[in-house]
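Peer 1: I have a structure I would like to understand better, so I am pasting it below and will then ask my questions one at a time.
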Amino acid sequence: MIFSKIKGVGSYLPKKVLTNKDLEKTLDTTDEWITSRTGIKERHIVGSDEQTSDLAFEAAKKAISNADISTEEIDLIIVATTTPDKIFPSIACNVQTKLGIKNCPAFDIQAVCSGFIYGLSIADKFIKTQSAKNILVIGADSMSKITDYTDRSNAILWGDGGGAVILSSSDQQGILSTHIHADGQHEELLHVPNNNIKNKIKQTITMQGSQVFKIAVNTLDKIVDEALEANNLQKKDIDWLVPHQANIRILEATAKKLQMSMDKVIVTIDRHGNTSAASIPLALDEGIISGKIKPGHLILMEAFGGGFTWGSALIRF
Ligand code: ACO
């Protein structure tokens with residue numbers, strides 16, 4: 001039987017750091033409000049000369065090196081992003097060129113904060129149908145480029161970064177299952193309106209935060225049950241929760257549902273903010289580098305985001 005297994009992980013954060021104290025200088029907010037309502041203390045922001053493709057490329061280089069494969073062995077590139085450098089070409093094509101890969105399919109997918117789970121789910125199917133052997137799956141976003149820094153309810157949340165994995169065919173169990181969903185009916189609660197395109201005014205995120213919060217918590221409850229039931233596993237079997245990092249209170253609610261101590265949750269939101277499609281691979285990499293996540297551990301990744309989209313991946317690392 002063919003399985004798909006994560007062979008290497010890498011991540012990258014831009015150098016510039018924006019702290020809550022920095023935001024206090026320009027917004028009617030406080031470090032105390034931001035920390036207690038979101039868990040965020042600081043976030044990384046791209047410089048004026050940096051693009052999402054740069055974040056994706058830096059993360060990809062590390063994942064390839066950690067997987068110990070050559071770029072010639074990559075036969076598909078999938079990038080999850082909401083903030084491509086241009087409308088086209090895709091970031092996946094940008095990364096392909098930057099890596100010097102001459103001929104492999106490459107495409108972007110757009111599922112906002114659930115994008116990395118969507119990417120992993122697609123890649124898993126390519127491997128299990130023997131359509132590819134080594135796939136570079138990246139989640140990268142420059143959310144600062146679509147953030148209105150005069151809107152205190154949004155400016156505090158978002159950060160920039162990139163994370164990548166090499167997913168390879170294997171005779172050992174890796175991805176046990178992925179589950180992806182969408183429901184477009186709540187568009188107005190979280191979106192980037194396009195009514196300013198003609199005036200060339202920067203398009204920025206609009207969110208009804210407290211309503212999104214309630215739907216996210218309720219949906220994540222169901223995600224956990226779905227992934228465990230599909231694999232006949234119990235809550236106690238999970239070694240690590242690697243969640244999308246939107247709000248520490250959402251992470252705490254999911255951990256509670258899993259009857260899991262927060263010590264078993266990889267938390268990066270305090271230093272990264274919400275980096276959208278990048279947040280799960282960034283957290284995964286941090287979990288590995290810190291020595292928490294080890295080979296053989298059972299990991300539940302889950303995300304909820306714009307669309308609405310949501311999903312999970314249960315993985316034997
Ligand atoms: N500083 C101080 N006060 C603030 C700030 C701020 N930065 N932002 C909002 N407030 C005020 C509001 O104006 C409001 O004041 P009022 O009561 O006088 O009207 C009060 O604080 C409460 O506002 P809420 O929006 O109800 O605050 P809440 O506790 O819900 O926190 C937050 C807001 C952090 C946005 C939260 O709702 C949240 O995390 N939502 C979910 C985000 C999410 O999961 N998104 C999906 C993934 S993202 C993606 O896919 C792109």
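The values are calculated or read from the model by the stated rules, or taken from the named source; none is laboratory data. This is a predicted model, so every value here is computed, not measured. Cβ sites come from the backbone with ideal geometry, for glycine too, and all protein chains shown count toward neighbours. In case anyone asks, the SASA skips ligands and DNA or RNA and just uses the protein heavy atoms, side chains included. Shrake-Rupley method; radii C 1.70, N 1.55, O 1.52, S 1.80 Å.
Peer 1: Look at the range 14-27 and say how many of its residues are part of a loop (DSSP other than H, G, I, E, B) and open to solvent by 50 Å² or more (accessible area, probe 1.4 Å).
Peer 2: Step one: list which residues in the range 14-27 are part of a loop (DSSP other than H, G, I, E, B), which gives 14-15, 27.
If we keep only those that are open to solvent by 50 Å² or more (accessible area, probe 1.4 Å) too, we end up with 15.
Summing the residues that are part of a loop (DSSP other than H, G, I, E, B) and open to solvent by 50 Å² or more (accessible area, probe 1.4 Å) in the range 14-27 gives 1.
Peer 1: Scan the range 304-316 for residues that are assigned to a strand (DSSP E or B) and open to solvent by less than 10 Å² (accessible area, probe 1.4 Å) and jot them down.
Peer 2: Keep residues of the range 304-316 that are assigned to a strand (DSSP E or B), which gives 304-305, 309-316.
Across the range 304-316, the qualifying residues are 305, 311, 312, 313, 314, 315.
Peer 1: A further question follows. Where residues in the range 7-32 are within 13 Å of the ligand (Cβ to nearest atom) and of a type in the set (Ser, Thr, Tyr), which of them is farthest from residue 171 (Cα to Cα)?
Peer 2: 26
Peer 1: Can you go through 175, 180 and tell me which one is at pLDDT 95 or above and under 30 Å from residue 70 (Cβ atoms)? Write out each step before concluding.
Peer 2: Values: 180 fails: under 30 Å from residue 70 (Cβ atoms).
Testing whether each residue is at pLDDT 95 or above and under 30 Å from residue 70 (Cβ atoms) leaves just 175.
Peer 1: Could you tell me which of the residues 57, 116, 107 is surrounded by fewer than 18 Cβ atoms within 10 Å (Cβ to Cβ), under 19 Å from the mean Cα position of the chain (by Cα) and outside any loop (DSSP other than H, G, I, E, B)? Don't jump to the end; show me each part of the working.
Peer 2: Numbers: 57 fails: surrounded by fewer than 18 Cβ atoms within 10 Å (Cβ to Cβ); 116 fails: surrounded by fewer than 18 Cβ atoms within 10 Å (Cβ to Cβ).
Only one candidate passes the filter, namely 107.
Peer 1: Can you name the condition, by its number, that residue 227 falls short on among (1) more than 11 Å from the ligand (Cβ to nearest atom); (2) under 19 Å from the mean Cα position of the chain (by Cα); (3) in the same structural domain as residue 73 (by TED's automatic domain parsing)?
Peer 2: Condition (3) is where residue 227 drops out.
Peer 1: OK, next. Out of the range 60-87, which residues are open to solvent by 40 Å² or more (accessible area, probe 1.4 Å) and not hydroxyl-bearing (Ser, Thr, Tyr)?
Peer 2: Scanning the range 60-87 gives 61, 62, 66, 68, 72, 73, 75, 84, 85, 86, 87.
A quick yes/no check of all residues on (1) under 20 Å from residue 148 (Cβ atoms); (2) assigned to a loop (DSSP other than H, G, I, E, B); (3) within 16 Å of the ligand (Cβ to nearest atom):
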| residue | (1), (2), (3) |
| --- | --- |
| 5 | no, no, no |
| 34 | yes, no, yes |
| 43 | yes, no, yes |
| 62 | no, no, no |
| 69 | no, yes, no |
| 88 | no, yes, no |
| 95 | no, no, no |
| 98 | no, no, no |
| 102 | no, yes, no |
